[in-house]
Amino acid sequence: MPPISFALWLLVLVFDTGGQLAFKAASGVPGEGLGHWRAMAVRPWLWLGIAAFACEFVTWLAFLSVVPLAEGVLLSCLNMTAVMLGGRWLFGERLTARRLLGVALITLGVVLVGIG
Amino acid sequence: MSTRWRFYLVGFLLLMAIDTAAQLCFKLAALHAAPFAIDPGWLLRVLREPWVYGAIAGYLGAFVTYMTLLKHAPVGPAFAASHLQVVSVMAASAWLFGERLAPLQLLGAALIVLGILVLARAEDEVAQAETTHAC
């Protein structure tokens, strides 16, 4: 993979994973209904998530400018692995045997798509 | 087929179709705004591309469809539905853009699809364990 494609792929990965984890952190803020939204608005997580997704949008367009669509979409599946590991690390989410098997298959698949 | 399964199937196919359309819009926007360069000129060309707004509309549509599906369907099938668009995107890219994957990449794609199906089962399992735990 050319260095520019590789760099853009990593950026997409970082923005997507960061955004999803930020939204998860935002949703954990206490409160119900409108109060929940008010509580989220005064903390950084929701805004951080929105900013990350805006950055991902532009980076994704740039990435698809340099790789074929099918390859890009397949390579972006590594986001699932990163989000699952991030969830475990930051929120103590359980990594069950089945989840591990799933992310292992996806990661191996992404490697094959990358080197193929 | 029961009404419930028909609802899942329609929701599943709808979500896949919207996600696929959004990705096709992204690719078309990228193609029309070519050549890519890390400069404001490229960003301005992208923002003038109608396809970009198709992609945004697709994301919003997919979000609403996913949330509706999630309210009624178990989390596993909903997870699978929201990620299995890789299959339809591959088919559409071959058909519309003449993209061809190498044999090793096709094997990789098969492993990814298998991984998504395993994760979908895993999400169902975790959701069930949490429900039992809560009771």
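The values are calculated or read from the model by the stated rules, or taken from the named source; none is laboratory data. All of these numbers come straight from a predicted model, not from anything done at the bench. Cβ: placed from backbone, ideal geometry, glycine included. Neighbour counts: every protein chain shown. Heads up: the accessible areas ignore ligands, DNA and RNA and are worked out on the full protein's heavy atoms, side chains in. Shrake-Rupley method; radii C 1.70, N 1.55, O 1.52, S 1.80 Å.
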Filtering region A:1-45 down to residues that are of a type in the set (D, E, K, R), touching a residue at least 12 places away in the same chain (Cβ under 8 Å) and assigned to a helix (DSSP H, G or I), which residue is most open to solvent (accessible area, probe 1.4 Å)?
A:Lys24
Can you give me the ranges of the helices (runs of 4 or more DSSP H) entirely in region B:23-84 with at least 3 residues that are buried (at least 20 other Cβ atoms within 10 Å of the Cβ), touching a Cys at 6+ places or on another chain (Cβ under 6 Å) and not aromatic (Phe, Trp, Tyr)?
none
Any idea which of (1) closer than 21 Å to A:Met80 by Cα; (2) within 9 Å of another protein chain (Cβ to nearest Cβ); (3) open to solvent by 60 Å² or more (accessible area, probe 1.4 Å) is the one B:Ile112 doesn't satisfy?
(3)
Residues B:Trp51, B:Trp42: which one is in contact (Cβ under 8 Å) with a residue 24 or more places away in the chain and farther than 25 Å from B:Val10 by Cα?
B:Trp51
Please identify the pairs in which a residue from region B:4-18 that is over 16 Å from B:Pro74 (Cβ atoms) has its Cβ atom under 7 Å from the Cβ atom of a residue that is assigned to a helix (DSSP H, G or I), counting only partners at least 6 apart or on another chain.
B:Leu14/B:Thr65; B:Met16/B:Ala81; B:Met16/B:Gln85; B:Met16/B:Ser88; B:Ile18/B:Gly58; B:Ile18/B:Gly61; B:Ile18/B:Ala62; B:Ile18/B:Thr65
Being part of a loop (DSSP other than H, G, I, E, B), open to solvent by 70 Å² or more (accessible area, probe 1.4 Å), without any contact (Cβ under 8 Å) to a residue 24 or more places away in the chain and more than 17 Å from A:Val83 (Cβ to Cβ), is that true of even one residue in region B:95-108?
yes
Please work out which one of (1) under 19 Å from A:Leu75 (Cα atoms); (2) within 13 Å of chain A (Cβ to nearest Cβ) is the condition B:Phe63 fails and give its number.
(1)
Meets criteria (away from chain B (no Cβ under 14 Å) and out of contact with any Ser or Thr (no Cβ under 8 Å at 6 or more places or on another chain)) for A:Val42:
yes
Those residues of region A:75-116 which are assigned to a helix (DSSP H, G or I), more than 7 Å from chain B (Cβ to nearest Cβ) and among the small types (Gly, Ala, Ser) amount to A:Ala82, A:Gly86, A:Gly87, A:Ala97, A:Ala104, A:Gly114
Go through region B:1-22 and count every residue that is in a helix (DSSP H, G or I) and open to solvent by 30 Å² or more (accessible area, probe 1.4 Å).
14
Which members of region A:93-111 meet the condition of being open to solvent by 40 Å² or more (accessible area, probe 1.4 Å) and farther than 16 Å from A:Gln20 by Cβ?
A:Arg94, A:Leu95, A:Ala97, A:Arg98, A:Leu100, A:Leu101, A:Ala104, A:Thr107, A:Leu108, A:Val111
Would you say A:Val67 is without any contact (Cβ under 8 Å) to a residue 12 or more places away in the chain and open to solvent by less than 20 Å² (accessible area, probe 1.4 Å)?
no
Residues of region A:73-116 satisfying the condition of being in contact (Cβ under 8 Å) with a residue 60 or more places away in the chain, closer than 24 Å to B:Ala30 by Cα and over 13 Å from the mean Cα position of the chain (by Cα):
A:Gly114
